[in-house]
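Each reported figure results from applying straightforward, stated rules to the coordinates on display, with no laboratory input. All values derive from a computational prediction rather than experimental measurement. Cβ sites come from the backbone with ideal geometry, for glycine too, and all protein chains shown count toward neighbours.
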Amino acid sequence: MTEVAAWVAGRPIAVAAVDERLDALRRGPYAARLPHPATAEGRNLRRWLVQVLTVEGVVEHEAALLGLTADGEPRPVRLADALRTGGVVAAVIAAHPVARVLRDRVAPPVPADETETRDYFRRNRDRHPQDYAVERDALAARLGAEDAERRFAGWLEERCAALVRLEPGYEHPGDPRHADAVHRH
């Protein structure tokens, strides 16, 4: 019988899949930066990978329900995206073209309205030295795209809550119920 780390919409995510992803990381360019597997940080890395695999599974499940497909290449994860949407969501959006297609379907970008755009411009004059009329359209589009990513992240979080069941030992790294929880306030 296959050991299961988590379930997405009734589909198992095998521990072997987690191990494969972890092995790939340990062979990758950042291997020296990864924590030793026997440490709390090493165990939390496994838990974080389960989070990534479950979010990927939810994206694939929801895209299939909507009949969405995509071609394309992975993109680098930008720090601003990770801070705005959460590291796992940003990583999945960057790595999976179908996540970007799903994002655009679920939370299509709509340019920010005039008030929001003008207020942002006024608060950030140091970043926008040109006249408002010159920067307005690009700024409204960027603010709208950022809002779409936040809305998608919220929607995806709700879908994960509805579709994902984690097995004991594979809880979120910040879940205070396990001994290795490090996300404390």
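Worth a mention:
- Top of Ala153, Ala90, Ala38 by mean-square fluctuation, Gaussian network on the chain, Cα under 10 Å: Ala38
- The helix-based estimate of mean residue ellipticity at 222 nm for the chain, built from -39,500 (n - 2.57) per DSSP H run of four or more residues and divided by its residue count, is -19000 deg cm²/dmol to the nearest 500.
- For Val8, Val15, order by how many other beta-carbon atoms lie within 10 Å, fewest first: Val15, Val8
- Alpha-carbon Rg with Dmax, taken over the chain, Å: 19.1, 65
- Euclidean distance of C-alpha centroids, the stretch 1-74 and the stretch 115-180, integer Å: 22 Å
- Neighbour counts of other Cβ atoms within 10 Å put His61, His96 in the fewest-to-most order His61, His96.
- With the simple model of a label 7 Å out from the Cα in the direction of the Cβ, Thr115 to Asp137 spans 2.5 nm.
- Each of Asp180 and Arg84 was given a label point 7 Å from its Cα along the Cα-to-Cβ line. The distance between the two points is 3.2 nm.
- Per-residue Cβ neighbour rank within 10 angstrom, fewest leading, Tyr120, Tyr30: Tyr30, Tyr120
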